[in-house]
1. Considering the convex hull of the alpha carbon atoms of the stretch 241-306, report its projected area averaged over all viewing directions, in nm², one decimal.
2. In nm, to one decimal, how far is the ASP47 label point from the ASN115 one, both placed 7 Å along Cα→Cβ?
3. Given H placed 1.01 Å from N in the peptide plane, which residues other than close sequence neighbours of ARG286 have an amide H under 5 Å from its amide H?
4. Give the whole-number value, in cubic angstrom per residue, of the convex hull volume spanned by the C-alpha atoms of the stretch 176-250.
5. Whole-Hz Karplus ³J(HN,Hα) for the stretch 366-372, in order, using 6.51 cos²θ - 1.76 cosθ + 1.60 and θ = phi - 60°, x for Gly and Pro?
6. Which value, in debye to the nearest 20, gives the size of the charge dipole of the stretch 25-93 about its Cα centre, when Lys and Arg are +1 and Asp and Glu are -1 at the Cβ?
7. Give the share of C-alpha pairs in each 5 angstrom bin for the stretch 172-319, from 0 to the last occupied bin, in whole percents, shortest bins first.
8. State the three equivalent ellipsoid semi-axes of the stretch 283-407, derived from the C-alpha gyration tensor as the square roots of 5 times its eigenvalues, in descending order and whole Å.
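Just so you know, all these numbers are worked out from the coordinates, no wet-lab data involved. Keep in mind that what you see is a predicted model, and the values were worked out from it rather than measured. All Cβ positions, even for glycine, are placed from backbone atoms using ideal geometry, and neighbour counts span all protein chains on display.
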Amino acid sequence: KGFQFEDEIGKNAEDGDRLVLLIFNLQEYRQKELTEEAVAFIENAIDSAAEFGMQAIIRFTYDWDGRALETEPEDRDRIFQHMKSLEPLFERKKRDLYLIQGVFIGNHGEMHGSNYANDKDIKALAEQLLKTTPKEVFLSVRTPEFWRVVTDRTEPPGSFEEGDASRFGLFNDGLLSSDTDLGTYSDGTGYKNRWEREEELAFQEALCRFVPNGGEFALDSEYNDLENVLEEFPRLHISYLNRGYNREVLEKLENTTYQGEGGDPYDGLNGLKYVGDHLGYRYVLRKVEVPQKIYPGKDFFIELEIENSGFAPFYRKADIQLILQSEDGTQTLIDAREDIRTWKSKQKSIFRISIPQNTLQKGLYQMFLKVEDQKDRGVSFANPTMYQEDIGANAIGEMEIISYDVLSIWKPTR
């Protein structure tokens with residue numbers, strides 16, 4: 001049973017983490033069904049993370065010692081049975097689950113060193129997992145090769161709405177640890193469907209615009225020197241990274257100075273700080289524009305320019321609202337009707353929010369942009385002092401309606 005104790009989960013939450021990896025070892029049940037106590041144990045672990053406002057990445061395995069060939073069920077149907085017995089739990093906890101890694105097999109649950117580590121069994125296990133998990137929960141396989149096996153595709157999806165292909169992401173526990181990421185990619189010999197590094201990087205660059213990618217460093221290597229991390233993490237769209245392993249690599253990044261350009265606020269800071277802050281999405285408000293004139297009987301628009309300086313996009317739809325707060329504290333909420341998933345990493349996005357003219361009276365208004373994820377947690381922008389904890393929104397400035405044909409120039413919130 002792989003439960004990360006509550007005090008450890010709490011410590012990670014205090015450090016600002018929003019994700020926690022929970023690994024459950026089912027070896028005790030290799031010859032029998034999961035008991036109600038076992039399911040309750042798993043649920044309690046997920047609940048412990050949720051109490052601290054964290055979503056769980058979960059993985060199931062029958063092995064912690066590199067001996068999956070000996071410890072996995074002898075019959076694949078037993079694994080199917082375990083998946084099915086967890087279906088009600090997955091449905092109940094879908095808001096608290098970010099993704100599920102693997103398909104229950106392999107050494108450490110990493111889909112290798114198993115009697116079932118062949119295309120036929122992996123595809124069958126993946127299909128069963130799809131049936132027993134809600135569409136709100138991402139699934140992840142260990143390599144791009146396995147992604148192509150379970151989806152029956154050689155081309156990545158081109159949108160967030162392409163069925164199973166838009167549910168399967170990747171996890172790499174050999175991340176940047178050798179020229180092949182410890183067998184994640186082909187070395188050019190002996191692999192039919194596993195491609196060489198540059199081909200697989202290009203494949204993931206396209207795929208992981210729509211599905212998550214993350215993992216851990218396994219070994220110190222020239223490939224995880226800061227210079228290469230800064231080149232490859234944006235291509236891989238890395239969303240999460242194990243903060244506990246490999247400590248040697250993490251300390252190397254921490255002891256390497258990041259060199260930025262053009263007033264980069266990270267210039268001179270340590271490399272691990274830069275990498276950690278840019279995992280996943282990182283939104284920076286660059287510009288807000290309001291009209292200087294409005295016309296009677298017509299709606300007007302506020303235009304925002306937002307840069308995603310993170311390595312990855314936001315993979316789930318989010319609720320986005322403009323809050324206009326008058327001097328007496330009255331709030332007017334306006335749906336932004338914007339799909340946050342389209343705010344691509346390392347790019348700027350411009351969108352407009354329409355404000356019906358009859359919505360507001362004359363006067364001064366504070367403007368806030370509220371973005372909430374599927375757990376109703378507020379998304380904080382990277383601009384200093386913008387996020388207001390009391391309302392869970394980002395302060396973006398103020399505007400004053402002087403008359404119904406004049407709207408004042410906006411005043412930015414610093």
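1. Across all orientations, the stretch 241-306 yields a mean hull projection of 6.8 nm².
2. 3.6 nm
3. Under 5 Å from the amide H of ARG286 lie the amide H atoms of GLU305, ILE306, GLU307, each far enough along the sequence or on another chain.
4. Taking the convex hull of the Cα positions in the stretch 176-250, it is 86 Å³ per residue.
5. 7, 10, 10, 10, 10, 10, 10
6. Dipole magnitude for the stretch 25-93 comes out near 180 debye.
7. For the stretch 172-319, the pair-distance distribution reads 2, 9, 15, 19, 16, 13, 9, 6, 4, 3, 2, 2, 1, 0, 0.
8. Values for the stretch 283-407, descending: 26, 16, 13 Å.
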